[in-house]
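Have a look at the structure below before the remarks.
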Amino acid sequence: MSWQDNYQQWQQATLVPDLAEELTQMKGHEDDLEDAFTAPMEFGTAGMRGVMGPGINRMNIYTVRQATEGLARFMDKLPAEQKQQGVAISFDSRYHSQEFAHESARVLGAHKIPSFVFDSLRPTPELSFTIRHLHTYAGIMITASHNPKQYNGYKIYGPDGGQMPPEEADTITKYIREVTDIFNIPVVQEQKLREAKIMSLIGEDVDEAYLAALKSVTINPDLIASDGKDMKLIYSPLHGTGKVLAQRVLQGAGFQAVRIVPKQAILDPEFPTTPFPNPEFPQAFDLAIQLGKEESADVLIATDPDADRLGTAVRLPNGEYQLLTGNQIASIMLHYILTARKNAGTLPKNGAVVKSFVSTELATKIAESFGMQMINVETGFKFIAEQIEHFEETGEHEFLFGFEESYGYLIKPFVRDKDAMQATLLLAEVAAYYKHQGKTLYDGLQELCKEYGYFAEKTVSQDFPGIKGAEEMSALMAKFRKEEPSEFAGVKVARTEDYKTGQAKLADGSTEKLTLPKSDVLKFILSDGTWIAIRPSGTEPKIKYYVGTQSDSQDAAHKRLDDFEQALTAFTKA
């Protein structure tokens, strides 16, 4: 069907009032209509995510029902005992999030699939925990993570608490595409589902279990008692789900001097204090820095609206605050974990750290210096979860830490997704560790650089908006493959890894087979150890460029980053 046909179908349907009004307002705006009605939403590395509004390429109750119908049809094919394990459902603070969560339960109810829905918003990692705690077969999280206020999203989780792996996700997508009449998907009245005990509400009962599990994240309680108790910490939930639990988590561990940023503790889907509620953006920390200076705070922490990502700003010697990158945060936490466990005599011989292959090699050097193995996986935390499951099944390794450069970390595997509640707790302990030595987190990072080298990484995104965006992204990826760059910024390419073909090509023309799953990713390893990776985003219309390098000083490393970024820009525009 053409976009015009899809648009006409929506015009003829009896829509809920808010969508009917929005559809009327779209009349005559052909670019918007074409984008909204040409192609349906797709599942990527983190489910489906998009702008809210009418259309098959928009987040609304009809596309949410369609996605849930696909999951329900998938579960209908399972053995009865697995189907009856049901689905846990949570949601964030965005517009329509609670509505989408309850609509999902109504669709599942029409298939006699039990649902366990949180009574109010909760963090994404708690949803992952809940699946394992209640032994449900699947989970649904309604969130657009750190995207702007116009967005919402839908994530599906599997029995292990990790996001559905590609094979199952593809099968669910097939069932979703079979739902051709999205306006007549069967749903059951919520009151009837509650009376029949097919839909249940959950809340504090699961919170208590999750909070109890979080206590295991603390490595050195004595350190917190001596130095963490009065350490000044500023926390911001960025108007999101972190507000529900973060203070309880920190105070329960013994951190008593915690101040929450008042304006950003308001659960407001407008995100009025920051247009991009993303803890990797400096502007998101403006209010925390202001409060931090008033309090002379040791560390500032912010989590994104669904509390799976964490960012931090650390105090400098001059009293100002500096944001750390996701790679820096991960490296300093990893070093602390390994140091503390070594000192406590609990460092296993078969320990392993898992990271995405576009994350810093500083962490690799740290892990290997303690005799631990670093395992690289494809981008997407589901692949870290798969490794944890593999470790538990085989006993091959003991999981110590997992992370992605995009501000996602996991310390303990009772959750199988990135968990900013765990990360908040551990980072506060790391800050207390350095405070005990009369130092700050900034001092700790400088020590790592002196010991392991000056590493620097950068992620740059190139947007491809509109209906032709996907074609333009494909054309650019094809350009990189066809022209095969032999150097960047004057540094020769020593190895080109193409994860779409599953092969690596060396400078001498020889090839090697890659072990990671096939995906549309290119990675160039340069002769000086610098690496450049290129991949289309799985959830947004953009291509991401990752650059990692090392030098003899931080300034020199960042200068190299700038040179390689300019070389990439020149290649894409040539």
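The values are calculated or read from the model by the stated rules, or taken from the named source; none is laboratory data. If you're wondering where the values come from, they're calculated on a predicted model, not measured in any experiment. Positions of Cβ are backbone-derived with ideal geometry, glycine not excepted, and every protein chain shown enters the neighbour counts. Areas reflect the complete protein model, heavy atoms only, side chains present, ligands, DNA and RNA absent. Shrake-Rupley method; radii C 1.70, N 1.55, O 1.52, S 1.80 Å.
Overview of values
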read-out: Cα-centre dipole for region 273-369 with unit charges at Cβ (Lys and Arg positive, Asp and Glu negative), debye to 20; value: 580 debye
read-out: Student exercise, region 477-574 dipole from Lys, Arg, Asp, Glu Cβ charges, in Debye to nearest 20; value: 460 debye
read-out: Probe 1.4 Å, protein heavy atoms only - accessible area per residue of region 319-456 in square angstrom; value: 31 Å²
read-out: Accessible surface, per residue, of region 1-126 when the full set of protein chains is kept, probe 1.4 Å, Å²; value: 40 Å²
read-out: Rounded accessible area of His111 (nearest 10 Å², 1.4 Å probe); value: 30 Å²
read-out: Volume of the Cα convex hull of the chain, divided per residue and given in Å³; value: 157 Å³
read-out: Dipole axis of the chain (+1 Lys, Arg; -1 Asp, Glu on Cβ), positive-most option in Leu134, Val258, Thr241; value: Leu134
read-out: Rounded percent of accessible protein surface that carbon and sulfur make up, region 422-544, 1.4 Å probe; value: 49 percent
read-out: Estimated 222 nm signal from helices in the chain, with DSSP H stretches of n ≥ 4 weighted -39500 (n - 2.57), rounded to 500; value: -12500 deg cm²/dmol
read-out: Largest-first ordering by accessible area, 1.4 Å probe, given options His397, His239; value: His397, His239
read-out: Accessible area of Asp160 in the full protein assembly, 1.4 Å probe (Å², nearest 10); value: 40 Å²
read-out: Residue among Thr496, Pro221, Pro485 farthest towards the positive dipole end of the chain, charges placed on Cβ; value: Pro221
read-out: Sparse-neighbour loop sites [trypsin sites (Lys or Arg not before Pro); region 367-443; at most 15 other C-beta within 10 Å; DSSP]; value: Lys439
read-out: Asp308, Asp230, reordered so the largest accessible area comes first (probe 1.4 Å); value: Asp230, Asp308
read-out: Ellipsoid semi-axes in whole angstrom, largest first, where each is sqrt(5λ) of the Cα gyration tensor of region 160-268; value: 40, 18, 17
read-out: Positive-pole candidate from Leu300, Gly86, Gly351, dipole of the chain, charges at beta carbon; value: Gly351
read-out: Fraction of beta bridges assigned by DSSP in region 87-189 that are antiparallel (%, nearest 5); value: 40 percent
read-out: Fraction of accessible area attributable to carbon and sulfur, region 211-327 (%, probe 1.4 Å); value: 52 percent
read-out: Sparse-neighbour loop sites [GluC sites (Glu not before Pro); region 148-193; at most 11 other C-beta within 10 Å; DSSP]; value: Glu178
read-out: For region 498-513, Karplus couplings with θ = phi - 60° (6.51, -1.76, 1.60), whole Hz, Gly/Pro x; value: 10, 7, 6, 8, x, 10, 10, 10, 8, 4, 7, x, 6, 10, 9, 8
read-out: Distant alpha-carbon pairs in region 456-513 (separation over 14 angstrom), percent; value: 68 percent
read-out: Relative contact order, percent, region 441-510 [alpha-carbon distance under 8 Å, six or more residues apart]; value: 12 percent
